[in-house]
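Asks: Below is one structure. I have some questions about it.
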Amino acid sequence: MSRLTINLIGAGKVGQTLCRLFADQGQHDVQDVFGRDLQRTEQAVGFIGAGRAVDSLAALRSADIWLVTVPDTRIGEVVAELAAVAPAGPAVAFHCSGFLPAAELSPVRALGWQLASAHPVMSFADPATAIKHFPGCHCGLEGDAAAVETVASLLGGVGARTFPIETQGKALYHAAAVFSSNLAVVLQGLAREAWMAAGVPEIVARDLNVTLLKATVDNVEALGPEAALTGPAARGDWSVVSRQHQAVQTWHPLAGDAYDSLSLLARRLKRGGSTLVPVDEEG
C-alpha cells in the first residue's frame with residue numbers, strides 16, 4: 001500500500017488509539033484532527049504524536065483516509081456537515097460503529113468517496129492501554145469493496161485481524177459483542193452488589209468476583225460455553241433455581257427477572273447445546 005494521509009474526525013478514545021497506532025507504525029501520515037473542543041483536540045494530538053488540531057470541519061485538508069469516530073448518534077449529522085465543506089476527489093471514509101452500516105456516511109459519497117465501517121472488537125476504556133492490546137484485535141469490516149480492501153490493509157498494518165460482516169446482520173453482530181463484553185461487566189457489578197447485600201465484606205466480594213471470572217474465562221476458552229457451564233440450572237436443580245430466584249427478586253426485582261431468564265437459557269444451553277432450543281424446563 002502506498003503512503004496515505006489520514007484525517008480524524010472525533011478525537012475520542014477510539015480515534016486516538018487508532019491514529020497513535022498509525023503514527024507509531026510510520027507508514028502513513030496522520031494529518032488533521034478535528035474536535036469541537038480545541039483544547040481537548042490538542043491533547044489528543046499530543047497523545048497521537050502527530051497531526052494538527054483543528055476546530056472546524058472546513059479546516060480539514062484533503063486526505064486519502066477520513067476516519068470518523070464521533071458517537072454513533074452523531075455520525076450522520078457530522079458527515080452531512082462534512083459533505084458541505086470537504087474537497088471532492090478519490091478518498092475512503094470509514095467509521096468504527098459496530099451497529100451502524102457504512103451507509104451512515106452516505107452524504108460524502110457524492111464527493112466521490114468510498115465508504116466502509118470497521119469495528120474493533122475490544123475495549124477502548126483507556127487509549128494508553130488499548131494501543132498495547134490492539135495487535136491481534138479482530139475487526140469486523142463492511143461497506144464498499146474497494147474501501148473495505150483499503151481499510152483492511154490499513155488496520156492489518158497495525159496488527160488487526162479483519163473479517164467481513166454482512167450489512168443486514170450488523171445489529172445482531174453488535175448485540176453479540178454487547179452480550180460478550182458490556183453486559184458481562186454489568187453482571188460482575190451485580191454479583192458484587194449481591195455479595196455485599198448478603199453480608200460479604202467488599203474486599204472479599206471483589207476477590208471472589210475476580211477469581212470466579214478468571215476461572216470462567218479459562219474454562220470457556222478451553223471447553224466452550226456448553227461444557228464450561230456449571231451451577232444449579234445446568235445440573236437440573238430447578239428447586240434451587242426457583243428459591244434463589246425468589247431471593248433475588250425480593251432484593252432487586254430487575255435482577256430477579258434477569259436471573260430467571262438467564263437460568264432458563266442456561267438450562268437450554270446445557271441440555272440442548274443451544275440457547276435457541278427449548279427443553280423441558282421442569283424435567
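The values are calculated or read from the model by the stated rules, or taken from the named source; none is laboratory data. The structure displayed is predicted, hence computed values, not measured ones. Using ideal geometry, Cβ is built from the backbone for each residue, glycine included, and neighbour counts are taken over all protein chains shown.
Asks: Restricting to the range 115-139, give me the number of residues that are under 10 Å from the mean Cα position of the chain (by Cα) and either among the small types (Gly, Ala, Ser) or assigned by TED's automatic domain parsing to the domain that holds residue 177 (or both).
Replies: Qualifying residue count, the range 115-139: 1.
Asks: List every residue pair whose Cβ atoms sit under 7 Å apart, with the two residues 6 or more apart in sequence or on different chains, where the first one lies in the range 104-133 and is free of Cβ contacts under 8 Å to residues at least 40 places away in the same chain and the second, anywhere, is of a type in the set (Lys, Arg).
Replies: 115/109
Asks: Taking the stated definitions as given, is residue 83 assigned to a loop (DSSP other than H, G, I, E, B), in contact (Cβ under 8 Å) with a residue 24 or more places away in the chain and buried (at least 16 other Cβ atoms within 10 Å of the Cβ)?
Replies: no
Asks: Please go through (1) in a helix (DSSP H, G or I); (2) in contact with a helix residue (DSSP H, G or I) (Cβ under 9 Å, 6 or more places away or on another chain); (3) not polar (S, T, N, Q) for residue 277 and return the number of the only condition it doesn't satisfy.
Replies: (1)
Residues checked against (1) of a type in the set (Phe, Trp, Tyr); (2) closer than 16 Å to residue 116 by Cα; (3) in a helix (DSSP H, G or I):
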{"position": "147", "(1), (2), (3)": "no, yes, yes"}
{"position": "153", "(1), (2), (3)": "no, yes, yes"}
{"position": "199", "(1), (2), (3)": "no, no, no"}
{"position": "214", "(1), (2), (3)": "no, no, yes"}
{"position": "219", "(1), (2), (3)": "no, no, yes"}
{"position": "227", "(1), (2), (3)": "no, no, yes"}
{"position": "245", "(1), (2), (3)": "no, no, yes"}
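Asks: Can you report the number of residues in the range 2-30 which are closer than 19 Å to residue 78 by Cα and not aliphatic (A, V, I, L, M)?
Replies: Qualifying residue count, the range 2-30: 6.
Asks: Return the pair list, or none, for Cβ contacts closer than 6 Å from residues in the range 203-220 that are closer than 16 Å to residue 189 by Cβ to residues that are of a type in the set (S, T, N, Q), at least 6 apart or on different chains.
Replies: Listed pairs, sorted by first residue: 209/188.
Asks: Exactly one condition in (1) within 23 Å of the chain's Cα centre (by Cα); (2) within 24 Å of residue 146 (Cβ to Cβ); (3) outside any strand (DSSP E or B); (4) in contact (Cβ under 8 Å) with a residue 60 or more places away in the chain is false for residue 24; which is it?
Replies: The one condition residue 24 does not meet is (2).
Asks: Among the residues of the range 165-177, are any in contact with a Leu (Cβ under 8 Å, 6 or more places away or on another chain) and either assigned to a strand (DSSP E or B) or among the aliphatic types (A, V, I, L, M) (or both)?
Replies: Yes: one or more hits.
Asks: Of the residues 37, 29, only one is in contact with a Lys or Arg (Cβ under 9 Å, 6 or more places away or on another chain) and either within 16 Å of residue 3 (Cα to Cα) or charged (D, E, K, R) (or both); which?
Replies: 29
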